[in-house]
Structure formats: C-alpha cells, structure tokens
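Undergrad: Below is a structure I'd like to ask you about.
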Amino acid sequence: MSVFIFRRFLTLIATLLGASLIIFLVLDALPGNAAQMLMGADASPDAVRALTIKLGLDQPLYYRYVHWVMGLLTGDLGNSYVYGTPVAGLIAERLTLTIPLAIMSMSMTVVLALSAGIYTAANHNKLGDVGVMSLTQFGIALPNFWFAILLILLFSVKLQWLSAGGFAGWDESILAGIKSLLLPAISLSVVQAAILARVTRSAVLEVLREDFVRTARAKGLSKRDVLWRHVLRNAMIPVMTIMGLQFANLLAGTIVIENVFYLPGLGRLIFQSIANRDLIVVRNCVMLLAGVVVIVNFVVDVLYAFIDPRIKVHNL
Amino acid sequence: MSTPISASVDVGAATVRPQVPTGFWRRALRHRSFVIGGTLSLMVLGAALLSLVWTPWSAYEIDVASKLRPPSAAHWLGTDVLGRDIVSLLLVGARSTIMVGIIAVGIGITFGVSLGLLAAARRGWTEELIMRMSDFTFAFPAVLSAIMLAAVAGPGMVTSITAIGIFQIPTLVRVTRGSANAIWAREFVLAARASGKGGFRITIEHVLPNVLPILIVQATIQFALAILAEAALSYLGLGTQPPQPSWGRMLNDAQTLLFQSPMLAVYPGAAIAVAVLGLNLLGDGLRDLLDPRLSRER
C-alpha cells in the first residue's frame, strides 16, 4: 500500500509542477511586460521601467518562476499589481464564500445522487426507476447557469422567498450566509447529481448480480441488509471515480454560478482581475483551482485503494 | 518492435472491417433514444442552416423603438432590449453554437485520436508520456483554460474554441487508446504484423476503422459537452462576442431584465437544453446500435 501511495504522490508532485509551469508560462511569460499592460500603451517608457522594477518583472524568467513556486509553498503569493495588497489575503477572503459553497453543493450532490441511484436500482424497471432516470436525462442536459436563472425566477421574482443575488456574509449570522448560498448550491448540485445518480444506479445494479450477493441472500439476509452491508461498499468505486472527476466540474461551475448570483467569491475575483489586467492574481487563483483538482483526484485514488485493495496491485 | 515474419498470410481475409450493421436503419428507427435524439439534433442543425438563408428579421439590426415587445404575429417570441427579434437571434445563435462545437470537437478529435492511436501503437514510454500529459490536462476544465487565454489574448470565439478543444483532448485520448489497445490484441492485427505491415499502416488500415464506432458515439457526447461549455463561456463574456448572437450571451443579457421580461431568460436556455438533450439521446442510441456490448444498464 505504501509503495502505491508513494508512486501516486510522486505523480502528484510532477503534475503540480507541470501545471505551475504551464500557468506561469501562459500568464507571466506570454503576455510580455505586465507593467506596460497595466499602464497602457500611452505610458512613458520611464514610468513603465519604474513599475517593472517595482513589480520585480526585471528579474530573469527562471528566477521569477522559482520565486513564485517557493512563495506558493510558504504562502507568500506576492502583491496584487492593482491593489498592492498581498494576493494570499485577497484569495483567503474570497475562499470564505467559495469553500462553503463547494461543500454545500457537493454534499447536496452526494445525498441526491445516492438516494436516487439506490432507489432506482432497488426498483429496477419499475415506474419509479423509469421516471427518475428520465428526470436525470433532463438534468444532464441543463446548463447549470440557466437552471440557476430559473431558480431566481421562481424563488426570487415570483415567490420572493430568497434574494436574487449577493451574499449576506457570515458576520450577521451563519443562517443568513447559508440562505444566500442556498440557490447557488442547489443549481450546482442538481446537474451534477443527475450524472452521479446514473452512475450509482449502474454500479449498484452490477454488484446486485454478483455471486456474493446471491450467497448473502441465501444466508437469510434481507434485501435491505444486503444492499446496505454488501452492495454499497462494492458499488462505491465507480461512484467515487466520477465524484473525483466531478470535482473539477464543480469548481468550474462555482466560477460561473458566482457570476450568476453576484457572489464575491474566487470566481468573481478572477473576473475582476482579468478586467483589471491583474495577472498575478489570475495566475495564483488558476494555480489554486488546478491544484485542488489534482489533489482531489490523488485523494480519490488513494481512498479507493483502501476500499478495494485489488487496485493497488493492479497499479504497481 | 517485433520483426515482421516473412510468411504469406492472407491478411485481407482476416481483416475485420466495420460495416454498418445489417438492418441498421430498420433497428435505428425503432430505437426510442435514437429517434428522439436524432429529431432534436436535426431541429437544431436545421435552425442553424436555415439562418444562413433566412431569418424573420435581421439578428444584427437594432430597433430600440421596438424593444421588449411581447410575442406577436410579427415577432413570434417578442424582442430583446435592443429591439432584435428573439426567433432570429435563436436561429443565428444555433449557428454560432454549432460552429464552435464542430471546430472544438474537431480539434479534440484530431489531437485526441492521433495521440490515443499513437499511445496504443507504440506502448512503453510513449504511452506513459501521452497518458500522463492527458491526466495533467484534466486539471484544466474548459473555464480555467478560457480564463487563462482570455487574460492573455482577450475574450472571443477563438479563445472559447481553443479552450473547449483542449478540454476535449484528454477524454478522447483515453477512449481511443483504450479501444485501440483492445484491437491491437486481436488475431487479425497479429496476422497483419506477421505479413510485414508496419505500425502506422496497421493503425490506419485496421485499428482506426475498428475504433470508429466508439469514436462516433464519443464525439456525439463531446459535442453536447462543447455546446454546454460554449454557452457557459459566452454567458461569462469569454466566448462569442457581440454583435454575433449566441445563446449564452442572450442569457447574460436577459438576466438583467428578469423582473421585466422573464421569458427572455427562458428561450435561449431551453434551446441549449434541447440541443444537449438531443445529442445525449442520439449518443445513447448510437451506442446501443453500433456496439451493443457498450450498452449497459442505464
């Protein structure tokens, strides 16, 4: 097991380094002089030179890359070109919204998908199965930002139960914060849950046909006991794989949904920074998101090696 | 690399060439997913083609005097905030969506299939390198790639096409390589090798035709994903730019008018959902029809 984890860990480090290199090349080396971009084409050469030195952009490329990577490891991400404040602080402030939103929508996704998947598998080919599966087919086809707009139309415009956007913050009360994130989380989770429910159903149906399930039933275990004790654990491997892959979509979706609801999270920070040409903020935000996707996939790989020990033997 | 054996083997007879299965259309027309998906996809394609020759009104002409008109005989679905006819915008929007989808999936197929076939043909470190690169690309969903490109080159259709194209590559590499590996293990490929055919020729003559059905199914699904990604990028302002109409952009414009004209936000989203649903159902149908082994309990 430890050899498998070590190998996967090395791949994780290599992938993170590769991602950082690509992001640095695209967002630092390719655009040319960031000082010129910030000051505009009409700025005097002396002013541009002064800003170049102030921002440390006169240093060689490799030095700037190594400096940035070392900064990533120590939490020093440099200062925003526009605000002059530490980038780490800007990101940390926005994460107080984005992380709870991601957790809320992932939890809703898991609850919705597992209940629908297990229900449909247990009622295979019955009316409930056909109905729920048809709904998931529609769910997969829905763009999450359109679904979000439909939710606003219903709950904010028509019923006026919830606000159409904005974030109440956590200072007032936790409940007010959660209420602001409710519609965004639902719009993110319903589409993801539709995909995961279909995977769960397939996986559970496949395990239900295994010999050990028949043996467990022959021993006298009830259908419900077999489902909860034996089937679910074995069906979790494909479900977790898809959940890992979905996490990348969830983060991408968060960026879009934050824009729909005007939420001051990481996604909005990225768009404001693009508009302000604040490339150092964009670079660190993109690295953070790509890093989270890579790390989540690593954790999923390691987790399912624990669930199914055959995987690590296969991968050695 | 194995040395070709100089024995005479009738490779032609052993070659398995994929053919349209007997009675394909007869079975296809009875397949519910295929028929519904095909009809919806043809409707969207028809709308895009129709917009090339006819739209009820110009989709680019601004007529502020007629802004936010309700549905009428003149404007079947009403007008937007600039007085443009919604039906015309939807028709031209279908064209933008399909164009971005075709080019982006084309990029994905060109690179994804080539790399997948190369990985399966060469194996060893080439395969390892390609697969690790493809894992690595998974870290960049289309929105992230588009953000990076937009930050450097500015937003636009080219940015969204490139970002969606890159996003398509890893999935197509994986699917192609997995299917191609299975074909390389078949007897008729062994016979082709024995007759002295090289890796490139075997790939083109034997492997590619046999993985084609799976690729067609996957391309349909990738097309649906490309439409969703294009709509999201246009909605965010990173994709298709005004005055070119696009469904995502229409949703963005409609969101500021939710209290005045809520239906403006319904039409473009419904168009996206119909296109994606159609392609997904078509993909499901094709999977069942072209390769029943792939059809699982869905």
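The values are calculated or read from the model by the stated rules, or taken from the named source; none is laboratory data. All figures in this text were calculated on a predicted structure; none of them were measured in a lab. Quick reminder, even Gly has a Cβ in these numbers, built from the backbone with ideal geometry, and neighbours come from all protein chains shown.
Undergrad: Going through the stretch A:251-297 one residue at a time, which ones are of a type in the set (D, E, K, R) and at the interface with another protein chain (Cβ under 10 Å from one of its Cβ atoms)? Break it down into steps so the answer makes sense when it comes.
TA: First, the residues of the stretch A:251-297 that are of a type in the set (D, E, K, R): A:258, A:268, A:277-278, A:283.
Correct list: A:Arg277, A:Asp278, A:Arg283.
Undergrad: Continuing with the same structure: Please find, within the stretch B:123-139, the residue that is farthest from A:Thr11 (Cα to Cα) out of those that are over 22 Å from the mean Cα position of the chain (by Cα) and not β-branched (Val, Ile, Thr).
TA: B:Arg123
Undergrad: Go through A:Leu25, A:Leu51, A:Leu38, A:Leu16 for me and flag whichever is within 23 Å of B:Ala146 (Cβ to Cβ), more than 11 Å from chain B (Cβ to nearest Cβ) and part of a helix (DSSP H, G or I).
TA: Details: A:Leu25 fails: more than 11 Å from chain B (Cβ to nearest Cβ); A:Leu51 fails: within 23 Å of B:Ala146 (Cβ to Cβ); A:Leu16 fails: more than 11 Å from chain B (Cβ to nearest Cβ).
From the options A:Leu25, A:Leu51, A:Leu38, A:Leu16, the qualifying one is A:Leu38.
Undergrad: Quick one: which residue in B:Val152, B:Val158 is within 14 Å of chain A (Cβ to nearest Cβ) and out of contact with any Gly (no Cβ under 6 Å at 6 or more places or on another chain)? Break it down stepwise before answering.
TA: Details: B:Val158 fails: within 14 Å of chain A (Cβ to nearest Cβ).
Being within 14 Å of chain A (Cβ to nearest Cβ) and out of contact with any Gly (no Cβ under 6 Å at 6 or more places or on another chain) holds for just one of B:Val152, B:Val158, which is B:Val152.
Undergrad: Please go through the stretch A:161-177 and give me each residue that is within 11 Å of another protein chain (Cβ to nearest Cβ) and either farther than 27 Å from B:Pro268 by Cα or of a type in the set (S, T, N, Q) (or both), ordered by number.
TA: If we filter the stretch A:161-177 for residues that are within 11 Å of another protein chain (Cβ to nearest Cβ), which is where we start, we get A:164-165.
Within the stretch A:161-177, no residue meets the criteria.
Undergrad: Return the residue satisfying two criteria in turn: it lies in the stretch A:73-92 and is surrounded by 14 or more Cβ atoms within 10 Å (Cβ to Cβ) and either assigned to a helix (DSSP H, G or I) or among the hydrophobic types (A, V, I, L, M, F, W, C) (or both), and of such residues it is farthest from the chain's Cα centre (by Cα). Walk me through how you get there before you give the answer.
TA: Of all residues in the stretch A:73-92, those surrounded by 14 or more Cβ atoms within 10 Å (Cβ to Cβ) come to A:76-83, A:86-88, A:90-91.
With either assigned to a helix (DSSP H, G or I) or among the hydrophobic types (A, V, I, L, M, F, W, C) (or both) added as a condition, the list becomes A:77, A:82, A:87-88, A:90-91.
Working: A:Leu77: 21, A:Val82: 27, A:Val87: 21, A:Ala88: 19, A:Leu90: 19, A:Ile91: 16 Å.
That would be A:Val82.
Undergrad: Could I ask something else about it? Which residues, taken from the stretch B:94-129, are surrounded by fewer than 22 Cβ atoms within 10 Å (Cβ to Cβ), within 14 Å of chain A (Cβ to nearest Cβ) and of a type outside the set (D, E, K, R)?
TA: Once the filter is applied, which keeps residues that are surrounded by fewer than 22 Cβ atoms within 10 Å (Cβ to Cβ), within 14 Å of chain A (Cβ to nearest Cβ) and of a type outside the set (D, E, K, R), the stretch B:94-129 yields only B:Leu129.
Undergrad: To continue, here is another question. Sort out which residues of the stretch A:121-137 are within 23 Å of B:Gly278 (Cβ to Cβ) and facing chain B (nearest Cβ under 10 Å), and write them in order of number.
TA: If the condition is that a residue be within 23 Å of B:Gly278 (Cβ to Cβ) and facing chain B (nearest Cβ under 10 Å), then A:Met133, A:Thr136, A:Gln137 are the ones that fit.
Undergrad: Next question, about the same structure. Determine whether the stretch B:117-128 contains at least one residue that is more than 21 Å from B:Ala231 (Cα to Cα) and β-branched (Val, Ile, Thr). Explain how you work it out, then say what you get.
TA: Residues of the stretch B:117-128 more than 21 Å from B:Ala231 (Cα to Cα): B:117-128.
With the extra rule that they be β-branched (Val, Ile, Thr), the set shrinks to B:126.
Yes.
Undergrad: Right, next: Anything in the stretch B:261-279 that is part of a helix (DSSP H, G or I) and either more than 7 Å from chain A (Cβ to nearest Cβ) or among the acidic types (Asp, Glu) (or both)? List them, or say none.
TA: Within the stretch B:261-279, B:Met263, B:Leu264, B:Val266, B:Tyr267, B:Pro268, B:Ala270, B:Ala271, B:Val274, B:Ala275, B:Gly278, B:Leu279 meet the criteria.
Undergrad: How many residues are in contact with a Leu (Cβ under 6 Å, 6 or more places away or on another chain) and among the charged types (D, E, K, R) when one looks only at the stretch A:265-281?
TA: Within the stretch A:265-281, the first condition is being in contact with a Leu (Cβ under 6 Å, 6 or more places away or on another chain), and the residues that meet it are A:265, A:277, A:279.
Among the residues that remain, those that are also among the charged types (D, E, K, R) are: A:277.
Going through the stretch A:265-281 one residue at a time, the tally reaches 1.
Undergrad: Here is a check on your reading of the model: is B:Ala150 under 30 Å from B:Arg249 (Cβ atoms) and without any contact (Cβ under 8 Å) to a residue 60 or more places away in the chain?
TA: Working: under 30 Å from B:Arg249 (Cβ atoms): yes; without any contact (Cβ under 8 Å) to a residue 60 or more places away in the chain: no.
Answer is no for this residue.
Here's the yes/no breakdown for (1) on the phi > 0 side of the Ramachandran plot; (2) touching a residue at least 12 places away in the same chain (Cβ under 8 Å); (3) more than 21 Å from the chain's Cα centre (by Cα):
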residue	(1), (2), (3)
A:Val3	no, yes, yes
A:Phe9	no, yes, no
A:Leu12	no, yes, no
A:Thr15	no, yes, no
A:Ser20	no, yes, no
A:Leu27	no, yes, yes
A:Pro31	no, yes, yes
A:Met39	no, yes, yes
A:Ala43	no, no, yes
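Undergrad: Also, quick follow-up: Name every residue in the stretch B:266-290 that is under 14 Å from B:Ser41 (Cα atoms), at pLDDT 95 or above and not hydrophobic (A, V, I, L, M, F, W, C), in order of residue number.
TA: Answer for the stretch B:266-290, where residues must be under 14 Å from B:Ser41 (Cα atoms), at pLDDT 95 or above and not hydrophobic (A, V, I, L, M, F, W, C): just B:Gly278.
Undergrad: Here's another thing I want to ask about it. Quick one: A:Tyr304 ticks every box in (1) more than 30 Å from A:Val3 (Cβ to Cβ); (2) of a type in the set (Phe, Trp, Tyr); (3) in contact (Cβ under 8 Å) with a residue 12 or more places away in the chain; (4) in a helix (DSSP H, G or I) except a single one, so which number is it?
TA: (1)
Undergrad: Take the residues in the stretch B:249-260 that are among the hydrophobic types (A, V, I, L, M, F, W, C) and in a loop (DSSP other than H, G, I, E, B), then tell me which one is farthest from the other protein chains (Cβ to nearest Cβ).
TA: Residues of the stretch B:249-260 that are among the hydrophobic types (A, V, I, L, M, F, W, C), as a first pass: B:250-251, B:254, B:257-259.
So of that shortlist, the ones also in a loop (DSSP other than H, G, I, E, B) come out as B:257-259.
Working: B:Leu257: 11, B:Leu258: 6, B:Phe259: 6 Å.
Here the answer is B:Leu257.
Undergrad: Show me the helices (runs of 4 or more DSSP H) entirely contained within the stretch B:138-234 in which 1 or more residues are modelled with pLDDT under 90 and aromatic (Phe, Trp, Tyr). Walk me through how you get there before you give the answer.
TA: Numbers: elements: B:142-153, B:157-184, B:187-194, B:199-202.
In the stretch B:138-234, the matching helices (runs of 4 or more DSSP H) lie at B:157-184.
Undergrad: Right, next: Which one is surrounded by the most Cβ atoms within 10 Å (Cβ to Cβ) among residues in the stretch B:235-248 that are without any contact (Cβ under 8 Å) to a residue 60 or more places away in the chain and either assigned to a helix (DSSP H, G or I) or facing another protein chain (nearest Cβ under 9 Å) (or both)? Before you say what the answer is, go through the steps one by one.
TA: Within the stretch B:235-248, the subset without any contact (Cβ under 8 Å) to a residue 60 or more places away in the chain is B:235, B:242, B:248.
Filter once more, keeping what is either assigned to a helix (DSSP H, G or I) or facing another protein chain (nearest Cβ under 9 Å) (or both): B:235, B:248.
Numbers: B:Tyr235: 28, B:Gly248: 32.
In this case the residue turns out to be B:Gly248.
Undergrad: Out of all the residues in the stretch A:200-218, which are buried (at least 16 other Cβ atoms within 10 Å of the Cβ) and within 14 Å of chain B (Cβ to nearest Cβ)?
TA: Of the residues in the stretch A:200-218, the ones buried (at least 16 other Cβ atoms within 10 Å of the Cβ) are A:200-208, A:213, A:216.
If the condition is that a residue be buried (at least 16 other Cβ atoms within 10 Å of the Cβ) and within 14 Å of chain B (Cβ to nearest Cβ), then A:Thr200, A:Arg201, A:Ser202, A:Ala203, A:Val204, A:Leu205, A:Glu206, A:Val207, A:Leu208 are the ones that fit.
Undergrad: Still on this structure: Can you confirm whether the stretch A:50-60 contains a residue that is β-branched (Val, Ile, Thr) and without any contact (Cβ under 8 Å) to a residue 24 or more places away in the chain? Even if it seems obvious, please write down each step before you answer.
TA: Let us first name the residues in the stretch A:50-60 that are β-branched (Val, Ile, Thr), namely A:52-53.
Subset that is without any contact (Cβ under 8 Å) to a residue 24 or more places away in the chain: A:52-53.
Yes; the residues of the stretch A:50-60 include at least one that is β-branched (Val, Ile, Thr) and without any contact (Cβ under 8 Å) to a residue 24 or more places away in the chain.
Undergrad: If you go through the stretch B:74-83, how many residues are under 15 Å from B:Gln244 (Cβ atoms) and in contact (Cβ under 8 Å) with a residue 60 or more places away in the chain?
TA: Let us first name the residues in the stretch B:74-83 that are under 15 Å from B:Gln244 (Cβ atoms), namely B:80, B:82.
Still in the list and also in contact (Cβ under 8 Å) with a residue 60 or more places away in the chain: B:80.
Number of matching residues: 1.
Undergrad: Continuing with this model, one more query. Identify, from the list A:Leu263, A:Leu269, A:Leu221, A:Leu289, the residue that is buried (at least 22 other Cβ atoms within 10 Å of the Cβ) and outside any helix (DSSP H, G or I). Full working, then the answer.
TA: On the way: A:Leu269 fails: outside any helix (DSSP H, G or I); A:Leu221 fails: buried (at least 22 other Cβ atoms within 10 Å of the Cβ); A:Leu289 fails: outside any helix (DSSP H, G or I).
Going through A:Leu263, A:Leu269, A:Leu221, A:Leu289 in turn, the sole match is A:Leu263.
Undergrad: So, one more: Test each condition in (1) more than 23 Å from A:Leu142 (Cβ to Cβ); (2) touching a Leu at 6+ places or on another chain (Cβ under 9 Å); (3) surrounded by fewer than 20 Cβ atoms within 10 Å (Cβ to Cβ) for B:Leu257 and report the one that comes out false.
TA: The one condition B:Leu257 does not meet is (1).
Undergrad: Since A:Val239 meets every condition but one in (1) within 14 Å of chain B (Cβ to nearest Cβ); (2) buried (at least 19 other Cβ atoms within 10 Å of the Cβ), which condition does it not meet?
TA: Checking A:Val239 against (1) within 14 Å of chain B (Cβ to nearest Cβ); (2) buried (at least 19 other Cβ atoms within 10 Å of the Cβ), the one that fails is (1).
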